[in-house]
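Some notes on the structure that comes next.
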Amino acid sequence: MATTKRKPIGLAWQILIGLILGITVGGVFYGNPHVAEWLKPIGDIFIRMMKMIVVPIVFTTIVLGVSSVGSPKSLGRLGVKTLGYFTIVTMIAIFTGLFAANLVEPGAGINMATLDKTDISTYVETEETTQDQGLVEKVVNIVPTNILDAMVRGDMLAIIFFSVLFGLGVGFAGEKGLPVVRFFEGVAAAMFNLVNIVMKFAPIGVFALIGVTVSTFGIESLGSLFKLIGTLYVTALLFMVIVFGSIMKWVGIRVSDFVRVFKDELLLTYSTASSETVLPRVMEKLEKMGVPKSIVSFVVPTGYSFNLDGSALYQAMAALFIAQMYNIDLSIGTQLTLVFVLMLTSKGMAAVPGVSFVVLLATLGTVGIPPEGLAFIAGIDRIMDMMRSVVNVTGNTLASLVIAKWEGVLDSDQLDEYMSTEGKQDKVKSA
């Protein structure tokens, strides 16, 4: 009698199972400190494994992409279009966050005496260090004195700057640069294979990370802050459906198809609250969708520092939440000032730990909002970070498609084929 081969469980389902088990274990053992002691190291190991891959992939792919772009003029045009698109979408995200906060008023009527305050001293120290640097010094620091040191610190702007220049040098070398190109092609291929190996541990990592979060904060402890969380989640979902959905329609894809193709990456991003964990797989899939390597390797890493739409939306909403909590009435002019300041402070800070809190600390005082109000929402930051990370990843993924179409180099036939098969090529490859 013939035996039928059982179909393996897909990665998305494995991650979902890990997510549910983590919530269950965290809820059952809520308040038990041993859960964090046992599970946190497992989650940290998974995040560290993904982070160790990010810098090599960003470096190699940018070098390969820039070396194939051609002239600096072409690269400059690509950079202007990319940063222009990032600025517009980020501005829309900030205004969306302000509109939702003004409409719902999640901070109105909250009794601060009933809220627990979290120690935010580490964020304050980071913000003070950042504030000590003027605008000119920040620009100067983009140029690394030691690229190895920049890689160790994960200074993405410095890494991107060096990678672009190195890629141009390789391109200008002509035939003499071909051995360098082949070397980096081999390194990139090896790193992407390493991603597939590490991703096999994703469900375990998700289980551990979620288990720690729920066991530490619980669900009932959200209390009066649930309105802020709900407002953020609903607003973020509407932003992705309406704003990103409109952009997807212009590109030529449907929201449902986009979700099917990137469901593994979006679910992993949500579970780990980290966009770093999916950056390599997103870049790999975009190339399969018909986006040239030169655009993927430039737009995605650059967006990691300059296109944090979910973070921008959250920062605008959180600022108004704290103002409402302190009964501070912000005029339209003050809110427009907030928009301008957020546009400046939110750029180029992806490598800073606790980026959203650091940005808010640098922003609140400029519009008369007490920065210490962040202590009341620091405890639920991870829950909100999960959703804003999903928006960040979706925005950066979509940006590559937009720029490729804008440049007239998006392979529409390859895009339609890949979207219609819903990424079945990846399933065959992993089988």
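Pairs from the table (K249/K293; K51/K288; K249/K405; K293/K405; K200/K293) lying more than 20 angstrom apart at Cα are K249/K293; K51/K288; K200/K293. Classify region 262-307 from the C-alpha gyration tensor, please: rounded if a/c falls under 1.5, else prolate or oblate depending on whether a/b exceeds b/c. Oblate is the answer for region 262-307, as a/c is 1.5 or above yet b/c matches or exceeds a/b. Calculated on the Cα set of region 39-104, radius of gyration then Dmax: 19.0, 51 Å.
Quick check: net charge around D411, other residues with Cβ under 13 Å of its Cβ, Lys/Arg +1 and Asp/Glu -1?
Combined, the nearby Lys, Arg, Asp and Glu give -2.
Rounded to whole numbers, the Karplus 3J(HN,Hα) couplings from phi for region 198-213 are 5, 5, 5, 8, 4, x, 5, x, 4, 4, 5, 5, 5, x, 5, 4 Hz, using 6.51 cos²θ - 1.76 cosθ + 1.60 with θ = phi - 60°, and x at Gly and Pro.
Given axes a ≥ b ≥ c from the Cα gyration tensor, I'd like to know whether region 278-339 is rounded (a/c under 1.5), prolate (a/b larger than b/c) or oblate.
Prolate, since a/c reaches 1.5 and a/b exceeds b/c.
Accessible area per residue of region 229-308 at 1.4 Å probe, in Å²?
Numbers: 2450 Å² over 80 residues.
About 31 Å² of surface per residue is accessible.
Taking the centroid of alpha carbons for each part, region 232-311 and region 39-66 are 18 Å apart.
Normalise the Debye intensity by I(0) for region 187-302, one equal point scatterer per Cα, no solvent, then take log10 at q = 0.10 Å⁻¹ and round to two decimals. Here log10 of I(q) over I(0) equals -0.42.
The values are calculated or read from the model by the stated rules, or taken from the named source; none is laboratory data. This one's a predicted model, so the numbers in the text were calculated from it and none came from an experiment. Because the Cβ atoms are built from the backbone with ideal geometry, glycine has one as well, and the counts that use them run over all protein chains shown. What goes into the accessible areas is simple: the full protein's heavy atoms, side chains included, and nothing from ligands, DNA or RNA. Shrake-Rupley method; radii C 1.70, N 1.55, O 1.52, S 1.80 Å.
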